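Working notes, structure below.
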Amino acid sequence: MKHNHISKPGYTTLQTVGLTILRVMIGWHFLYEGLIKFSTPGWSAKSYLMASVGPFSPLFKSLAASETMLQITDVMNMWGLVLIGLGLFLGFCSRISAFSGLLLLTFYYLSYPPFADFAMTGFVDGNYWIVNRNLIEMGALFVLMIFPSGHLTGLDRLLCFRKRNHGKEPVQN
């Protein structure tokens, strides 16, 4: 069996279960964060962006300074979280969802990098140095990109099955 083609269903049951649990948990986290933002009246990323630290803080602060850019950022953030969350949770477009989540978390990580020379603010979960929850979740999403599970235990499985059998007669035993 070749090991260089990881998208084939060659995982053990335990590997499939582990990858599926990881995908669903991260999906739930993204989905929940997005829904909370939608359900919070007047939610905006403005205070988060204005308080950003690090080498990219001028970029994040400029997004918050422009009302138009802030509205675009808020909508993209909320919908991005919800759509990424649904994709991961349901196993739909799993690789795209994992990549999109990794990209979004990269922005979060860069807005508050956990480096010793940057002042910490109220938007971080504790005192970290280099590795924080965003970086850990980015690593997990990277794993899900290279070892997808949606084609085994998600809606991607249904889509792959339909694509393979499109226009063919059902196989009879």
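Are any residues in segment 48-75 part of a helix (DSSP H, G or I) and of a type in the set (S, T, N, Q), and if so, which ones?
First, pick out the residues of segment 48-75 that are part of a helix (DSSP H, G or I): 48-50, 57-65, 67-75.
Within segment 48-75, SER57, SER62, THR68, GLN71, THR73 meet the criteria.
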Review point. Out of (1) closer than 19 Å to ALA140 by Cα; (2) buried (at least 18 other Cβ atoms within 10 Å of the Cβ), the odd one out for MET25 is which?
Key: (2)
Practice item. For residues that are over 29 Å from PRO58 (Cβ atoms) and assigned to a helix (DSSP H, G or I), scanning just segment 30-47, find the one that is farthest from the chain's Cα centre (by Cα). Key: SER39
Check your understanding: So which pairs qualify, if the first residue must be in segment 33-55 and more than 18 Å from GLY85 (Cα to Cα), the second must be of a type in the set (Val, Ile, Thr) and assigned to a loop (DSSP other than H, G, I, E, B), the Cβ gap must be under 6 Å, and the two must be at least 6 apart or on different chains?
Key -> ALA51/THR121
Check your understanding: Exactly one of (1) touching a Phe, Trp or Tyr at 6+ places or on another chain (Cβ under 8 Å); (2) loosely packed, with under 11 Cβ neighbours inside 10 Å is unmet by THR13. Its number?
Key -> (1)
Practice item. Give me a count of the residues in segment 124-164 that are among the hydrophobic types (A, V, I, L, M, F, W, C), in contact with a Phe, Trp or Tyr (Cβ under 8 Å, 6 or more places away or on another chain) and either modelled with pLDDT of 80 or more or surrounded by 17 or more Cβ atoms within 10 Å (Cβ to Cβ) (or both). Key: 8
Check your understanding: Quick one: which of ILE21, ILE72 is closer than 21 Å to LEU155 by Cα, free of Cβ contacts under 8 Å to residues at least 40 places away in the same chain and among the β-branched types (Val, Ile, Thr)?
Key -> ILE21
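The values are calculated or read from the model by the stated rules, or taken from the named source; none is laboratory data. Everything quoted here is computed from the prediction, not taken from an experiment. Note that we place each Cβ from the backbone using ideal geometry, even for glycine, and neighbour counts take in every protein chain shown.
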